1. Can you compute the charge dipole magnitude of region 200-272 about its Cα centre, using +1 on each Lys and Arg Cβ and -1 on each Asp and Glu Cβ, nothing else charged? Give it in debye, rounded to the nearest 20.
2. What dipole magnitude, in Debye to the nearest 20, does the chain give about its Cα centre under +1 on Lys/Arg Cβ and -1 on Asp/Glu Cβ?
3. Along each of its three principal axes, how wide is the spread of alpha-carbon positions in region 28-105, in whole angstrom units, largest first?
4. Which distance in Å, rounded to a whole number, links the C-alpha centroids of region 73-92 and region 210-226?
5. What is the helix-to-structure angle for 114-132, meaning the angle in degrees between its Cα long axis and the longest Cα principal axis of the chain, kept from 0 to 90 and rounded to the nearest 10?
6. If r is the Cβ-Cβ distance from Arg129 to Lys62 and R0 is 35 Å, what FRET efficiency results, to the nearest 0.05?
7. Ignoring ligands, DNA and RNA, please state the percent of accessible area on the chain from carbon and sulfur, probe 1.4 Å.
8. Taking Rg and Dmax of the Cα atoms in Å straight from the coordinates, which label in (i) 20.7, 61; (ii) 19.0, 55; (iii) 17.9, 57 is the correct one?
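The values are calculated or read from the model by the stated rules, or taken from the named source; none is laboratory data. Predicted model, so just to flag it, every value in this text is computed and none were measured. Please note: Cβ atoms are built from the backbone with ideal geometry, for glycine as well, and neighbour counts cover all protein chains shown. These area figures cover heavy atoms from the full protein model, side chains too; ligands, DNA and RNA do not enter into them. Shrake-Rupley method; radii C 1.70, N 1.55, O 1.52, S 1.80 Å.
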Amino acid sequence: MKFNKIYIELSDVCGLECSFCPTVKGKRGIMNLELFYKIVSECRKYTNLIAFHILGDPLKLKNIKDYLLIADTFNIGVEITTSGVYLNDFDLLLYSPIKQVNISLDAIMEIKSKAFRDERLNKIFEFCRYKDSSSSNIFINLRIQNRNNDKSMELKEILKKEFNLLSLDSNTRVGRKIIIVFRDVFVWNTNENNTINTNGFCYGLISHFGVLSNGDVVPCCIDASGDIVLGNLNKNSLYDILHGSRAQYIRNGFKNGVIVEKKCINCNYRIKFNEINISK
């Protein structure tokens, strides 16, 4: 059993209140280093890449380097997703286990103070220039949700001016391994009003799964509220959790085009996979 990546939430605290992220934050707190060490030591058997993401901003942690050192010890790659609000130590992000840094520019545009917003945007652009002039091979993804509101339009104009672009499309390369990426509008909530349909597919527990900062294992990175807890790594081994009856039931269901969990049935995000030919 191998996964493309495993999401590990270092904390559920980000310091922002973005309109597109209604999930309650600050309930689980910070994952301690002892638990993180245990998790990575077990995750390395299942993947070559861990992603510091679900809720929270990993760069908000003052000792983020300690987590990176542990990942490096186990020779496992790291992908970081951040708002850019706490982006300051450029050299830290060029550190060897990091393979990719995803920066959510939509989060920056939610900052109420224009002065602080512009300061953070300039810091992000400075980081891009710094990386571009270095020998680092990490990827930087500047992410934008594909919306047509005023903030999104303003952001696109800012990017065109900064990178001297006449037009802006998804996957626009603005530097060496630096790409602007448009993403579908992210919907956290479930669609309880949909007609119940148990036919469908998802990549949860097939290409990835998530570990919340309290050690709870969930089937995908969308379950930020921890509604489908498969087990807890403070008490159980990852092997036992992934081979447990609930995890197996969910995974086998997806592989056979059947949705077995209520949260998955009502998930707006999963709907995008409905047209996948699961027989391939």
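1. About 220 debye.
2. 440 debye
3. Largest first, region 28-105 extends 33, 27, 19 Å along its Cα principal axes.
4. One Cα centre to the other: 20 Å.
5. So the helix axis and the longest Cα principal axis differ by about 90 degrees.
6. The value I calculate is 0.85.
7. Exposed carbon and sulfur together represent 48 percent of the surface.
8. The listed entry that was calculated here is (ii).
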